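Trainee: Have a look at this one before I ask anything.
The values are calculated or read from the model by the stated rules, or taken from the named source; none is laboratory data. Note that the structure is predicted; figures quoted are calculated from it, not measured. All Cβ positions, glycine included, derive from the backbone under ideal geometry; neighbour counts span all protein chains shown.
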Amino acid sequence: MSVNEELTGAASCTPVNGQQNHPMENFLRMDRIPHIWCPTCGIGVTVNCFAQALERCSISLDDVVVVSGIGCTGRVAGYVKVDSFHTTHGRAIPFATGVKLANPKLKVVVFSGDGDLIAIGGNHLMHAARRNIDLTVICVNNFNYAMTGGQVAPTSPKDSVLTTSPYGNFEGSFNLPHLAESIGAVYIARWTALHIHRMTDAMVEGLNKPGFSFIEILAPCPTIFERRNKFGDGLDRLKFYYDNSEIKHGADPREADVSLRGNITVGTFVNRDRPTYMQAMNEHLQKRIGDSFTPYEG
């Protein structure tokens, strides 16, 4: 692997007809580039890793649907060159559920932020995980409502300074791996925007896992969160991840809380099996109706 590949996780461009092609042009809608994300924001890294994960899984882009809600990460749906939907705030998971139930053969991915998925969308997250809908949920957590000005979010650590907590946040925050485990997700992992290869591995595992998978990515928000909390720029934040991340596969998610300046537990926390929503429905109706029942396959 080249130095460029090791640092960026991306293969080098391949010249075609004497011109350099962008390595992501088969995956991104290049007519919508440049994107809106700030320099050193971690969202672009997660998109790159997601593209590599799809390639490694040998999934046809024609069979992939990406659904996002509102927010910085919500813009992912508008940039990827697959069938996608940029839905209303907090409604990414129910929309994705409808897509999956209408055509179970599709690989449906929810790619959105902590404010969208955990705050206004929290109820939908809870019930999709409870039902074990076959979705891969990628939650980019930058600890604030970045697009709307940097308000306190359900994931903002205690003492963090934001526009609605100028003297420091006094509220408790959600521990997302613990939350996902308690509501029934069958695959749960957390990585930071620094861990590009491990993040890609987690996405591959999540895409291949039948049922509700939840992957949390901790990402810098240099314009608001890092600046207001004096973490420096995005590169400084990546160094913080390097110095403070502790890889603990199989760790108890209850012990994976994130504090403002403490150590960060990362890894694959949960990988278990239980029937998906579709499997449970078919099994139940087969028992009740008998041989006259035709299993639903979309």
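Trainee: Anything in the stretch 1-50 that is modelled with pLDDT of 90 or more, loosely packed, with under 13 Cβ neighbours inside 10 Å and part of a helix (DSSP H, G or I)? List them, or say none.
Mentor: Of everything in the stretch 1-50, just one residue is modelled with pLDDT of 90 or more, loosely packed, with under 13 Cβ neighbours inside 10 Å and part of a helix (DSSP H, G or I), namely Asp31.
Trainee: Need the failing condition index for Gly149 against (1) closer than 21 Å to Arg237 by Cβ; (2) modelled with pLDDT of 95 or more; (3) surrounded by fewer than 24 Cβ atoms within 10 Å (Cβ to Cβ); (4) in contact with a Ser or Thr (Cβ under 7 Å, 6 or more places away or on another chain), just the number.
Mentor: (2)
Trainee: Could you tell me whether Arg190 is outside any strand (DSSP E or B), closer than 27 Å to Ser165 by Cβ and touching an Asp or Glu at 6+ places or on another chain (Cβ under 9 Å)?
Mentor: no
Trainee: I'm trying to understand the selection: among the residues of the stretch 51-80, which are farther than 19 Å from Lys105 by Cα, not in a helix (DSSP H, G or I) and not hydroxyl-bearing (Ser, Thr, Tyr)?
Mentor: Hits for the stretch 51-80 are Gly69, Ile70, Gly71, Cys72, Val80.
Trainee: Restricting the search to the stretch 84-98, which residues are part of a loop (DSSP other than H, G, I, E, B) and either polar (S, T, N, Q) or without any contact (Cβ under 8 Å) to a residue 12 or more places away in the chain (or both)?
Mentor: Across the stretch 84-98, the qualifying residues are Thr87, Thr88.
Trainee: A follow-up question, please. Quickly run through the stretch 100-114 and pick out the residues that are buried (at least 18 other Cβ atoms within 10 Å of the Cβ), over 12 Å from the mean Cα position of the chain (by Cα) and part of a helix (DSSP H, G or I).
Mentor: Matches in the stretch 100-114: Lys100 only.
Trainee: So, one more: Among the residues of the stretch 211-231, are any part of a strand (DSSP E or B), closer than 21 Å to Arg130 by Cβ and of a type in the set (A, V, I, L, M)?
Mentor: Scanning the stretch 211-231, I find at least one residue that is part of a strand (DSSP E or B), closer than 21 Å to Arg130 by Cβ and of a type in the set (A, V, I, L, M), so the answer is yes.
Trainee: What number of residues in the stretch 249-262 are surrounded by 15 or more Cβ atoms within 10 Å (Cβ to Cβ) and either charged (D, E, K, R) or assigned to a helix (DSSP H, G or I) (or both)?
Mentor: Going through the stretch 249-262 one residue at a time, the tally reaches 2.
Trainee: Please verify whether Leu235 is surrounded by fewer than 19 Cβ atoms within 10 Å (Cβ to Cβ), part of a helix (DSSP H, G or I) and aliphatic (A, V, I, L, M), treating the condition exactly as stated. Break it down into steps so the answer makes sense when it comes.
Mentor: Details: surrounded by fewer than 19 Cβ atoms within 10 Å (Cβ to Cβ): yes; part of a helix (DSSP H, G or I): yes; aliphatic (A, V, I, L, M): yes.
The answer is yes for Leu235.
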